[in-house]
1. Give the lysines whose C-alpha is closer than 27 Å to that of Lys26, dropping any in the same chain fewer than 8 places away, or say none.
2. Show log10 I(q)/I(0) for the chain at q = 0.08, 0.09, 0.11, 0.13 Å⁻¹, two decimals, from a solvent-free Debye sum over equal Cα scatterers.
3. Note down the magnitude of the dipole of the chain about its Cα centre, charges +1 on Lys and Arg C-beta and -1 on Asp and Glu C-beta and zero elsewhere, to the nearest 20 debye.
4. In region 220-375, if the dipole is taken from +1 on Lys/Arg beta carbons and -1 on Asp/Glu beta carbons about the Cα centre, which of Ile318, Val300, Ala339 is farthest to the positive end?
5. Return the calculated 222 nm mean residue ellipticity for the chain, to the nearest 500 deg cm²/dmol, obtained by summing -39500 (n - 2.57) across DSSP H runs with n ≥ 4 and dividing by the residue count.
6. How large is the convex hull of the C-alpha atoms of region 105-201 per residue, in Å³?
7. Using a 10 Å cut-off around each Cβ, can you sort Asp284, Asp265 from fewest to most neighbouring Cβ atoms?
8. Cα centroids of region 111-149 and region 174-229: how far apart, whole angstrom?
Amino acid sequence: MGVLPSFSAIVVAAGKGLRAGQPVPKQFAMWRGKPVVRHSVEALLAAGAEPVVVAVPEGAMDVAAAALEGLSVRLVTGAATRQGSVSSALAVIENAERVLIHDAARPILPAQVIERLLSALDTHTGAIPVLPVVDSLAIGENGVMTGSADREILRRVQTPQAFRFTEILAAHDDWRGEPNAGDDAQVLRAAGGAVALVEGDEALAKLTFAGDFVDQALPVRIGTGYDVHRLSRGEELWLCGIKLDHDFGLAGHSDADVGIHALVDALLGAIGAGDIGQHFPPTDPQWRGVASSRFLEHAVHLVDEAGYRVGNIDVTLICEAPKIGPHRDAMRNRIAELAHVDAGAVNVKATTTERLGFTGRGEGIAAQAVATVIRKS
């Protein structure tokens, strides 16, 4: 993308978004790791927009500020209609030559579309991104087809829409049409302005329904974990939730169960929730000597809260002694109990390092774990 002319931007985020089925208006709901509105605001700021004004619902200043924390934006209270919200945002912009007006419900905003829109303003007072209509169109009445429309002359309209600032400001001030204008191009055309059509982008899809949010979650996610504890005489030896009789035990702040610790990190990794040290700091005395089963129960709870369930688990214990084979089934059953899965979804195995390294010398035990989580329907 070349050097763009200076421009301001308005993001309309003042609607209720009820059809999306979210606990908050859809523009503030989480989508791909951040609030919907934040995606396009970040794209506009990256393209050089100054200022970026966001119109938000009445009473939603706090939630909007949290969604856009750390970003250089101006918030204004929107109106009951889209046209009214845009007018409120235009009123706080000064000394602008060009302005882009964008709907927050379109989170992906390609830089190439911004460039095409601004370039079109060299010869037109307004410009909008459009896409062709590829399906046949029918006109219907009372559930019956009554005619057809020529798709060749029709276009699907997207946002952002670009305007010369003084012209769109005057057009909104003079608007006498329907209470809620379909878009700002309609407002400009009513005032006699010319609106250019530029190529849009399928990525500019609008989030509208609950399925638009559900489908973003991956059906299966995978996490890995690794842990090490040293062997020490006088300590208890806990592995995968089972206490073993052995001359040495594992030393650590908790019961030092390396198998469960690795598994907890795998589950946390699968849902992007950090690691075991963040949730159970070794500097916190309340976790001294505690059973690691509590850590695993917590991780499974977080998986559930994230909208997933545990799929399958694979743990590898790396040690010279003790022998794991005689205890494998008990370990599998205990992990299955804690993770709320069938024992057939849990695998525990062991290997040695051919007497190489700290595990080969019997100084400690290591564990690796892989876990999948499955999105709940």
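1. Partners within reach: Lys16, Lys34, Lys206, Lys376.
2. -0.61, -0.69, -0.82, -0.96
3. 440
4. The listed residue farthest towards the positive side: Ile318.
5. Numbers: 12 runs with 103 residues, N = 377.
Result for the chain, helices only: -7500 deg cm²/dmol.
6. Numbers: hull volume 14.1 nm³, N = 97.
Measuring per residue, one finds 145 Å³ for the Cα hull of region 105-201.
7. Working: Asp284 9, Asp265 26.
Ranking Asp284, Asp265 by Cβ neighbours within 10 Å, fewest first, gives Asp284, Asp265.
8. The two parts, judged by their Cα centres, are 15 Å apart.
Throughout, read-outs are computed from the coordinates displayed, never taken from laboratory work. Owing to the predicted nature of the structure, the values given are computational and were not obtained by experimental measurement. Note: ideal-geometry Cβ built from the backbone for every residue, glycine included; neighbour counts use all protein chains shown.
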